[in-house]
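To start, the structure under review is shown below, and the notes come after it.
No value in this document is a laboratory result; all are computed from the given coordinates. All values reported here derive from a predicted model rather than from experimental measurement. Glycine gets a Cβ as well: all are built from the backbone with ideal geometry, and neighbour counts include every protein chain shown.
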Amino acid sequence: MLTFLSPPLLLVALVIGAIAASEAGYWAGRIAGPKGEDFDSQLGVVRGAIFALVAFLIGFAFSGAGSRYVDRLDVIVKEANALGTAWLRADLLPEPARAELKKALREYTTDRIALLGSEDMSDLERRLAGVPALQDRIWKAGLDGTAANPQLALLVLPSLNDVIDLHTTHLSAARRHIPMPIMLALLVGATVSLAIAAFGNGQAKRRHSVLNFIYGLVLSIALWMTIDLDYPRYGLIRTNIAPLAETLASMK
């Protein structure tokens, strides 16, 4: 959601939206005019409740995005460890299965790094489509090398299975994002909170542009950082693929 815009444009769009919401609230307040002490008291209660709700939603969304980001980093570390273990255990196989398995593992690791670093969706889809073929090569080389030794199979094949299974785990982690209803509720809540904050200014026919702008800017940045954190291929906060790069460098 909103990721069709570049990160700078997204931030600008959010700030413009915040300014528009504040202006709408101000002019609604001017049109409505003073409503009396009872109305002002009720407005204060509603304003406080909306601010609390928006703060809760932002905290919830940011916390969830942060947890998913950490989960993705953990999967990369697990995948790097699994590939390193499979590489070491490949040394137990006889030739030519050993050379074939090592070659397949090296190509698979290289492809993982390119896959995680790619920003081109067509290239990403092409590489994802090629993963099953690479996994088949890895598994076949493991089967060929352990066919005559069941005890060796118990040592080598589980490590290859871990490598294959972690691809599915990684895909699942990459596809987890803030649920759309929560994001819509967050955007609507932020818009309403900005409008209602400026409503009282409109009633009094007094602008507090700097204060309203600061509040809108803070909300915009919080939303922008949450979206950026939840889509690691999208913005400034990227997933660290150094563990995989280090594993590839050790495959000599």
Residue-span extension gain [residue 238 to residue 45] - 0.36 nm each, minus C-alpha spacing: 65.4 nm
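At a Förster distance of 35 Å, what's the computed FRET efficiency of residue 250 paired with residue 9, Cβ-Cβ distance as r, to 0.05? Mind showing how you got there, number by number?
Numbers: r = 40 Å, r/R0 = 1.16.
Step by step, r from the Cβ atoms, then E = 0.30.
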Part-to-part distance (alpha-carbon centres) for the range 58-80 and the range 193-252, which is given in Å: 17 Å
Per-bin percent of Cα-Cα distances, the range 149-240 [5 Å]: 2, 11, 13, 13, 11, 9, 8, 7, 6, 5, 4, 3, 3, 2, 1, 1, 0, 0
Cut-off 15 Å between beta-carbons: net charge of the residues surrounding residue 44, Lys and Arg +1, Asp and Glu -1: -1
Among 167, 177, 208, residue whose mean-square fluctuation peaks in a GNM of the chain (springs only between Cα atoms under 10 Å): 208
Full-stretch length increase - residue 67, residue 133 - with 0.36 nm per residue and alpha-carbon distance subtracted: 20.6 nm
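Could you list 230, 136 so that the one with the fewest beta carbons within 10 Å of its beta carbon is first and the one with the most is last?
136, 230
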Taking 123, 38 and counting other C-beta atoms within 10 Å, the order from fewest to most: 38, 123
For residue 203, net neighbour charge (Lys/Arg +1, Asp/Glu -1) across residues whose Cβ lies under 10 Å away: +3
At R0 = 30 Å, FRET efficiency that the Cβ-Cβ distance of residue 30 and residue 56 yields, to 0.05: 0.50
14 Å beta-carbon shell around residue 61, net charge (K/R +1, D/E -1): 0
Gaussian network model of the chain, springs between alpha carbon atoms under 10 Å - residue of 80, 204, 104 with greatest fluctuation: 204
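How big is the convex hull of the Cα atoms of the chain, per residue, in Å³? Could the numbers behind the result be given before it?
Numbers: hull volume 30.7 nm³, N = 252.
Spread over its residues, the Cα hull of the chain gives 122 Å³ apiece.
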